[in-house]
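Visitor: Below are the structure tokens for one structure; questions will follow.
The values are calculated or read from the model by the stated rules, or taken from the named source; none is laboratory data. Bear in mind that the values here come from a model prediction, so they are computed numbers and not experimental data. We place every Cβ from the backbone using ideal geometry, glycine too, and count neighbours over all the protein chains shown. The accessibility values were calculated without ligands, DNA or RNA, using every heavy atom of the protein model including side chains. Shrake-Rupley method; radii C 1.70, N 1.55, O 1.52, S 1.80 Å.
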Amino acid sequence: MIFTSFLKALGQIGDRRFRKVFWRGIGLTLGLLAAITAVLVWGVGWMVGDAVTLPLLGEVQWVDNVLSWAFVALMIGLSVFLMVPVASAFVSMFLDEVADAVEDRHYPTLPKVKGPPLSDEIRDGLAAFGVLIVANIVALVLTMILPIAGLPVFFALNGFLLGREYFTLAAMRREGRTGAKAMRRKHGAVIWAAGVLMALPLIVPILNLIVPIIGAATFTHLYHRLKAKHG
């Protein structure tokens, strides 16, 4: 059931609506990181000014430029680590479009559902982002304390969180939030296992950027399969 859902999701990866969500998330992420960098550079220039008087050296004109370039380099370095979680947060705000694309292709006889309000999508995206950040900080600390247990903890923890978020997203479209939570409790083991499968690409650069889209598509299939089998 899990692998069939995953393979069907992969088979639709070229869908125009999948690509639209992906590039929108990447564009918003790059825009946000660029804006943060610009604000930091401007702030440094504003605080330091055009000239600084240093002991022994007297008045120098280049300190603000050095600090500005240092912040640019710092943000480029941080972006390597921030790109995935930030892009995931942005993409998560539009995953209902991915679920729509899956249902249109594979479940065309189902009645159309109204997507959640944008405010709910933003809230859920930010909540997922916050949970993933905190969880991965915990996993990192555990990895430092118990190196051998690091990867299993990482996959187990992220598998639980990804499964929880993506299944809820897929199920609450037709079950409501309360019904989605009830199904999640009933099929917890299957959902966790599917979440671990989604967590595996997280350690692969570039590939990890499409995890939210593949996850949303996979769990949309999984929801319909569980619903058909168990009601």
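Visitor: What residue, of T178, T218, is under 18 Å from A101 (Cβ atoms) and either free of Cβ contacts under 8 Å to residues at least 12 places away in the same chain or open to solvent by less than 20 Å² (accessible area, probe 1.4 Å) (or both)?
Guide: Unique residue meeting the criteria: T218.
Visitor: I need a count of the residues in region 181-205 that are part of a helix (DSSP H, G or I) and open to solvent by 20 Å² or more (accessible area, probe 1.4 Å).
Guide: Number of matching residues: 16.
Visitor: Sticking with this structure for a sec: Which of the following residues is modelled with pLDDT under 65, part of a helix (DSSP H, G or I) and more than 25 Å from I191 (Cβ to Cβ): V80, V41, V72?
Guide: Selected residue: V80, the only one of V80, V41, V72 that is modelled with pLDDT under 65, part of a helix (DSSP H, G or I) and more than 25 Å from I191 (Cβ to Cβ).
Visitor: Shifting gears a bit: Pick out the one residue from T143, T178 that is at pLDDT 85 or above and of a type in the set (S, T, N, Q).
Guide: Answer to the check: T178.
Visitor: Still on this structure: Hey, could you check region 206-215 for residues that are out of contact with any Phe, Trp or Tyr (no Cβ under 7 Å at 6 or more places or on another chain) and assigned to a helix (DSSP H, G or I) and say which is surrounded by the fewest Cβ atoms within 10 Å (Cβ to Cβ)?
Guide: Looking at residues that are out of contact with any Phe, Trp or Tyr (no Cβ under 7 Å at 6 or more places or on another chain) and assigned to a helix (DSSP H, G or I), I get L207.
Visitor: Just checking, which of P152, P111 is part of a helix (DSSP H, G or I), modelled with pLDDT under 90 and farther than 18 Å from P212 by Cβ?
Guide: Criteria check complete, one pass: P152.
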